[in-house]
Amino acid sequence: MCGIVGFIGTRDATPILLKGLKRLEYRGYDSAGVSIWNDGESQVIRCQGKLVGLEDKLREQPAPGPLGIGHTRWATHGRPSDENAHPHKVGPISVVHNGIIENHLALRKELEQDGASFSSETDTEIFSHLIYRELERNQDLTEAVRAALGKVVGAFAIVVMNDRDPDKLVAAKSASPLVIGFGDGENFIASDVTAILDETRRIAFVEEDEMVTITRDGATITDLEGKVITREPTTVTWSAVQAEKAGYRHFMLKEIHEQPRAVADTLAGRVNLEDDDVSLDGIELDVAKLDRIVMVACGTSYHAALVGEYLIEEFARIPVEIELASEFRYRDPLVGPGDLVVAISQSGETADTMAAVREAKDKGAEVLAISNVLGSSIPRLADYAFYTHAGPEIGVASTKAFTTQLVAMVLLAIYLGRRNGKLDAAHAAKHLAELVAIPVKMSDILDQSAQLQVIARRYGHARGFLFLGRGNQFPIALEGALKLKEISYIHAEGYAAGEMKHGPIALIDDELPVVVLVPR
């Protein structure tokens, strides 16, 4: 949930960092801070609470300067407080960090025995001490960061600033996203492209186990051993305006109402009604050689995968297994040549799903990624990539990303069934006609918002809900329960309808609303 923004140029970094951090507020946070260099040293300003508190502090203690890093923190190690907020500074070194250092206790003990004194409860401060210690040994920031990374076990995205070398920022990534933004005589680094879209559309993603040294003139990407990697910037096609609320009270409501357009964009150019077929952006799978499909995903994407299981087995008669990515990665899964692993992730950066993809590829399986974010990590790791084109999803609870993933599941099922001959033209035509009609039907449902508000007011007092579905509606029941928990903090459970008599019925009384999914 944490956010990172960094800037190097000639303009004042302060408003750029604040604007970028505001773009990341949707991710949730409990504290924020910046470190801005000027006239030989950096000034660190941090506060618990919202960004408005940080803005107030910056008005009281102006910190103009052409180089800076900023962070929004969601507490993991250490309670929310000014002291635990990022950046963490040790000597001339300022660090912002997303992720978790798994061996932080051992490293803290080692550093304390070496004379280090800690001012926070965080694991991030360990990075600051390690890098400072290495800097004292070799004087080069990039090499100091590289040496420090060699001691750390865990997931991280870090950006480092050195008061003694104000002509660069150094960043690194392992299982946590980072993106470089390219300007004219200035450059940017962030954990999410949304943070820098007001400044540039030319970006390059930092890939797994890579470092980047950013100057005013450009960026040098290397692996952790120092080998230079060439990567051309790409241009983001959507704008920061698309991430605005556009008159809606909050992002989730906006994104609910964007679903008809998002689904239409997912279908665009992929449905061929003349041939009763679909195309998957040039993807050509050798369907005849597929023994099995294994889908890996987390959360809402997992529910989309469950729907895909029903559809693919019905349309293409190919065995499908669904795996929680967080479980798949921690055992020795039986997957390999002849299997197609389908990895579903809205962001394309889900750490557990990314680890599952690596596991599958190491075992010889082919991987198809389904994602919403062009150029994100999981599609780059995969053999094939299919993008849903839902547009930026800012709301934490997924809406349009989920419905477009469902559309992707239908398209994939039809694609497979048509190519192995299990789905004839007549049935394909029927399904495609229903598919292209969905945007209009979604709009009709959204027009019933007033009726839905009446229902919400009637049952808003309930302490719990039960969602029931059968067949491919069972995963939708699971998703409905998840959404209610996420948004209203009301406990909810989703069950297969036939399982109600095997336990859940014991909890049913006249105060428990039951939502039953019965599509026509």
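Some points to look at:
- Fewest-first sequence of H77, H71 by Cβ atoms within 10 Å of each Cβ: H77, H71
- Dipole orientation for the chain: of the candidates T142, L423, P513, P513 has the Cα lying most toward the positive pole (charges on Cβ; Lys, Arg +1; Asp, Glu -1).
- Global geometry of the stretch 476-519, whether rounded, prolate or oblate, following the gyration tensor of its Cα atoms and the 1.5 cut on a/c: oblate
- Cleavage-rule hits (chymotrypsin sites (Phe, Trp or Tyr not before Pro)) in the stretch 264-363: DSSP loop, at most 15 neighbouring Cβ within 10 angstrom: Y330
- Computed [θ] at 222 nm, deg cm²/dmol, the chain (DSSP H ≥ 4; -39,500 (n - 2.57); rounded to nearest 500): -10000 deg cm²/dmol
- Calculated FRET efficiency for the pair R11/Q448, C-beta based, R₀ 41 Å, to 0.05: 0.25
- Just so you know, the Cα atoms of the stretch 442-493 work out to an Rg and Dmax of 12.1, 31 Å.
- Estimated from the Cβ-Cβ distance and a Förster radius of 45 angstrom, the FRET efficiency linking Y330 and D39 is about 0.35.
- The count of lysine pairs in the stretch 3-241 whose Cα atoms are under 30 Å apart, excluding pairs fewer than 8 places apart on the same chain, comes to 27.
- Kirkwood Rh in Å, taken over all unlike Cα pairs in the stretch 245-444: 17.0 Å
- Shape summary: the stretch 3-241 maps onto an equivalent ellipsoid whose semi-axes, from the alpha-carbon gyration tensor, are 24, 21, 17 Å in decreasing order.
- Listing E258, E274, E359 from fewest to most neighbouring C-beta atoms within 10 Å gives E274, E359, E258.
- C-alpha long axis of helix 299-315 to longest principal axis of the chain, angle in °: 30 degrees
- W74 versus V52: modelled label distance in nm, points set 7 Å from Cα along the beta carbon direction: 2.2 nm
- The overall shape of the stretch 321-382, judged from the alpha-carbon gyration tensor, is prolate: a/c is not under 1.5, and a/b is greater than b/c.
- Annotation: lysines with alpha-carbon distance below 21 angstrom to K485 (same-chain offsets under eight excluded): K254, K400.
- Net charge, G28 excluded, C-beta distance under 13 Å - Lys, Arg +1, Asp, Glu -1: -1
- Beta bridge orientation in the chain: antiparallel %, DSSP, nearest 5: 70 percent
- Spherically averaged projected area of the stretch 411-520 from its Cα convex hull (nm²): 9.0 nm²
- Working from label points 7 Å from Cα in the Cα-to-Cβ sense, the E225 to Y489 distance is 5.1 nm.
- Evaluated at q = 0.06, 0.07 Å⁻¹, the base-10 log of the normalised Debye intensity for the chain, with identical point scatterers placed on the Cα atoms, takes the values -0.32, -0.43.
- If the chain linking T235 and D140 were pulled fully straight, counting 0.36 nm for each residue of separation and taking away their Cα-Cα distance, it would gain 31.0 nm.
- Cβ-derived FRET efficiency at R0 41 Å, V153 paired with R216, nearest 0.05: 0.75
- Residue order, fewest to most surrounding Cβ atoms within 10 angstrom, among D362, D163, D192: D362, D163, D192
- Separation in nanometres of the label points that stand 7 Å from Cα toward Cβ, at D184 and D510: 7.3 nm
- With respect to the chain, whose longest principal axis is taken over its alpha-carbon atoms, helix 104-113 is tilted by about 10°.
- Cα-based helix-to-principal-axis angle, 400-419 vs the chain, degrees rounded to 10: 60 degrees
- Gain on full stretching of the segment that runs from S279 to Q61 - 0.36 nm per residue minus C-alpha separation: 72.8 nm
Every read-out reported here was derived from the displayed coordinates using simple, explicitly stated rules and does not represent laboratory data. Predicted model, so just to flag it, every value in this text is computed and none were measured. With ideal geometry, Cβ positions are generated from the backbone for all residues, glycine too; neighbour counts draw on all protein chains shown.
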